[in-house]
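Participant: First the structure, which I've put down as structure tokens, then a few questions once you've had a look.
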Amino acid sequence: MIPRLRLAPHSPEFSRIAYGTWRIIDEPAPTPQELNRRIQTCLELGMTTLDTAEIYGGYEVEEALGRALALTPGLRDKLEIVTKAGIYVPNKFHPERRTAHYNATGARMVKSLEKSLRFLGTDHVELLLVHRPDWLTRAEDTAKGLNDLVRSGKVRSTGVSNYNVHQFSLLNSQMEKPLVTNQLEYHFLHMEPIYDGTFSQCEQLGIVPMAWSPMAQGRIFDPKNEAAVRLKDAAEKMAPRYNGATLEQLAYAWILAHPSKPMPILGTNKVERIQSAAASVGITLEREDWYALWEAAQGRRIP
């Protein structure tokens, strides 16, 4: 079973790996029944945290999740729901939009979250994230909306996604209850959180970051990608030390091993890959193997 953790001392509990829903309605789109069964599979493995966002699936994923959850009374109560708001693009629901833009005003955060609750069929979410920094909104404005949502009980905790350390500190300084996470891109082909201070900031504040796109959207398996070829070779050499673990499982273990304890967000529509990812939490990489995978990804030795 996948273990549990708190992203911060004052946050709800979440599963150590989250199930990401970015592409769950890609063609062929699942029926509500099929999606319900997939969520049930996650639950059986202890993957109780669902990560979604207002914009996912052209603003249709949350509604699809709501239909799937409604099929089983009490199912929603067994889950932690993470959603995000703040990105607005032209789409069939809003043809009047001319340009993709960010909007993290307090009023927009409240309006978007209330729509998410209707679509998901729930009266609260465990975590709301500001999806991207909005360069035209003051932090105090964003914070007002987030603070109001927490006070109302519609949101149990708040965080951000794709923020740098300065943006995080500024918004956090305006929060009545501190932010509990920063969801960042982190994988073999994108290691910036190690270098840019965002993971260090999380460790300093005692909060757990979330790692999106842990498989680099499949690029770590691309035979035309030089880094992927090196990673495949490295993984095959060390697999016998980890009961034949696959590159995918070693990639999750590599993320989990960082001292800031990143929470990977699994993104797949295949049950067997959900099961494979769940098994990765039992892998503890040796220090030299972690660095060997870093070296394979980078194509060079450490400085």
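The values are calculated or read from the model by the stated rules, or taken from the named source; none is laboratory data. Predicted model only: the values in this text are computed from it and were never measured. Cβ atoms come from the backbone with ideal geometry, glycine included; neighbour counts cover every protein chain shown. To get the accessible areas, we keep the full protein, side chains included, count just its heavy atoms, and leave off ligands, DNA and RNA. Shrake-Rupley method; radii C 1.70, N 1.55, O 1.52, S 1.80 Å.
Participant: Of all residues in region 18-40 being β-branched (Val, Ile, Thr) and open to solvent by less than 20 Å² (accessible area, probe 1.4 Å), which is nearest to residue 261 (Cα to Cα)?
Facilitator: So the residue we want is 21.
Participant: Right, here's the next one. If you check every pair at least six apart or on different chains, which have Cβ atoms under 8 Å apart with a residue in region 229-244 that is touching a residue at least 12 places away in the same chain (Cβ under 8 Å) and assigned to a helix (DSSP H, G or I) first and a residue that is charged (D, E, K, R) and open to solvent by 20 Å² or more (accessible area, probe 1.4 Å) second?
Facilitator: Within 8 Å, the pairs are 234/295; 241/286.
Participant: Across region 80-105, what is the number of residues that are open to solvent by 40 Å² or more (accessible area, probe 1.4 Å), in contact (Cβ under 8 Å) with a residue 12 or more places away in the chain and outside any loop (DSSP other than H, G, I, E, B)?
Facilitator: Of the residues in region 80-105, 2 are open to solvent by 40 Å² or more (accessible area, probe 1.4 Å), in contact (Cβ under 8 Å) with a residue 12 or more places away in the chain and outside any loop (DSSP other than H, G, I, E, B).
Participant: Modelled with pLDDT of 95 or more, surrounded by fewer than 17 Cβ atoms within 10 Å (Cβ to Cβ), small (Gly, Ala, Ser) and touching a Leu at 6+ places or on another chain (Cβ under 8 Å): which single residue out of 239, 235, 277, 227 fits that description?
Facilitator: One residue alone meets the criteria, 239.
Participant: Could you tell me which residue of region 205-228 is nearest to residue 169 (Cα to Cα), considering only residues that are part of a helix (DSSP H, G or I), more than 15 Å from the chain's Cα centre (by Cα) and of a type outside the set (Gly, Ala, Ser)?
Facilitator: That would be 205.
Participant: Do we have residue 274 as part of a helix (DSSP H, G or I) and touching a Cys at 6+ places or on another chain (Cβ under 8 Å) here?
Facilitator: yes
Participant: Which count do you get for residues in region 41-76 that are within 14 Å of residue 278 (Cβ to Cβ) and open to solvent by 20 Å² or more (accessible area, probe 1.4 Å)?
Facilitator: Number satisfying all stated conditions: 4.
Participant: Given 220, 255, which one is open to solvent by less than 60 Å² (accessible area, probe 1.4 Å), among the β-branched types (Val, Ile, Thr) and in contact with a helix residue (DSSP H, G or I) (Cβ under 6 Å, 6 or more places away or on another chain)?
Facilitator: Result: 220 is the single residue among 220, 255 that is open to solvent by less than 60 Å² (accessible area, probe 1.4 Å), among the β-branched types (Val, Ile, Thr) and in contact with a helix residue (DSSP H, G or I) (Cβ under 6 Å, 6 or more places away or on another chain).
Participant: Given the condition open to solvent by 60 Å² or more (accessible area, probe 1.4 Å) and free of Cβ contacts under 8 Å to residues at least 40 places away in the same chain, answer yes or no: does some residue in region 2-17 qualify?
Facilitator: no
So that you can scan it fast, the table gives a plain yes or no per residue for (1) over 21 Å from the mean Cα position of the chain (by Cα); (2) outside any helix (DSSP H, G or I); (3) modelled with pLDDT of 95 or more:
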{"site": "107", "(1), (2), (3)": "yes, no, yes"}
{"site": "114", "(1), (2), (3)": "no, no, yes"}
{"site": "117", "(1), (2), (3)": "no, no, yes"}
{"site": "133", "(1), (2), (3)": "no, yes, yes"}
{"site": "140", "(1), (2), (3)": "yes, no, yes"}
{"site": "145", "(1), (2), (3)": "yes, no, yes"}
{"site": "150", "(1), (2), (3)": "no, no, yes"}
{"site": "175", "(1), (2), (3)": "yes, yes, yes"}
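Participant: Shifting gears a bit: So, in region 177-204, exactly how many residues are over 28 Å from residue 230 (Cβ atoms) and either part of a strand (DSSP E or B) or in contact (Cβ under 8 Å) with a residue 24 or more places away in the chain (or both)?
Facilitator: 9
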